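Okay, structure first, notes after.
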Amino acid sequence: MNKRILGKTGFAVSEIGLGCWQLGNDFGPVEDKEAQEILQTAVAEGVCFFDTADVYGGGISEQRIGEWRKGLAESPIIATKVGRDAALYPNGYSKASVKKSLQESAKRLGVESIDLAQLHCVPREVLFAGDILAWMEDLKKEGVIKHFGASVEMLDEAKFCCEHPEIASLQILFNVFRQDAVTSLFPIAEENNVGIIVRLPLASGLLSGKMSLNHQFDERDHRSYNKDGAAFHVGETFNGIPFEKGVALVEALKAKLPEGQNILDVSLRWILDQPQVSSIIAGASRSSQVVRNAAASSLPPLSKDLHVLLADFYRDDVRAEIRGGI
């Protein structure tokens, strides 16, 4: 597993991290034993960066990670998020409430100070007002957190965050079906030493290449209840693309790939070919998926011709299908 530096944190993080939303049982039930196996497999594969949030299972994901890390000789880097808990979202934000939420996360994780705390897709008006970034800076000085970043929905939010001198990282939607950040964000992030954490690298599983139109999702899975943005931002599920259209686009892209190229491998390697990306937080509900995702770190870079093909396909076939803005 190769490592990269995560912006101003200075942390050397694994190119493939582990997204831990599923450990909160938010995609369907995951037993404690299975959760521990997923975490252990990740470490065995060289993963040293784990991303969770206080709202994943109402704290269950953080609790499971906290229990698991007690038995480790060396703790990995654990990032969590703040801002979507009902005590804060949508209009309960204050420095005191944010601090309280972070302290509760630290307790569940079993740490005195959180490695990286990320604002969790807070309302645009709250983010752009700027107060919440100042609070995070203060909480860093107080030792509640070691570093802070932001997980955002839109590129204009990401660019706004880059202007704050203490922002260490940005977590964004980025994949071969959402490529605009390459030109509009990455140069700014690089100039400001802001690390890029990629979420939904496979567009909610579309780019695994294994989904069909009759695929059934657990009722607790956001791919069931938020496929058209009924619960939260539409762009978070299937990249903002209607599911049926997404399946069709994947099949069209698979037909264009050179012989022997697997769409999952191509999708993950394409992201890693962007030097500004620090880590991909790929989710996994089974240990075998952890192993499969981790293998992308050892793949060779894609050819220039394949990069051109993917850019053209996005521009000509995909971009106009994305709902909710970019």
Which of [x] 26; [y] 31; [z] 37 gives percent of Cα pairs over 31 Å apart as computed here? It is [x]
Just add up the charged neighbours of VAL277: K/R +1, D/E -1, any other residue whose Cβ is under 12 Å from the Cβ of VAL277. 0
So for the pair ASP180, VAL291, with labels modelled 7 Å out along Cα→Cβ, what separation do we get in nm? 4.0 nm
Between the alpha carbon centres of the stretch 1-29 and the stretch 87-115 the gap in Å comes to 20 Å
Go through the stretch 95-112 residue by residue and turn each phi into a ³J(HN,Hα) via Karplus (6.51, -1.76, 1.60, θ = phi - 60°); whole Hz please, and just put x for glycine and proline. 4, 5, 5, 5, 4, 4, 4, 5, 5, 5, 5, 4, 5, 5, 7, x, 10, 7
Would you please give the residues with an amide H less than 5 Å from that of LEU119, counting only those at least 5 places away or on a separate chain, with H modeled from the backbone geometry? VAL82, GLY149, ALA150, SER151
Members of LYS70/LYS140; LYS33/LYS141; LYS3/LYS81; LYS81/LYS256; LYS159/LYS254 lying beyond 28 Å, as alpha-carbon distances in this model show: LYS33/LYS141; LYS81/LYS256; LYS159/LYS254
Highest-fluctuation residue, LEU253, LEU200, LEU23 considered, GNM on the chain with Cα pairs under 10 Å: LEU253
Given CYS162, VAL250, VAL144, which one lies farthest toward the positive end of the charge dipole of the chain, if we put +1 on the Cβ of every Lys and Arg and -1 on the Cβ of every Asp and Glu? VAL144
Karplus (6.51, -1.76, 1.60) ³J(HN,Hα), θ = phi - 60°, over the stretch 170-179, in Hz, Gly and Pro reported as x: 10, 9, 9, 6, 7, 6, 5, 9, 7, 10
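Read-outs throughout are calculated quantities, based only on the coordinates presented, and are distinct from any laboratory measurement. All values reported here derive from a predicted model rather than from experimental measurement. Cβ atoms come from the backbone with ideal geometry, glycine included; neighbour counts cover every protein chain shown.
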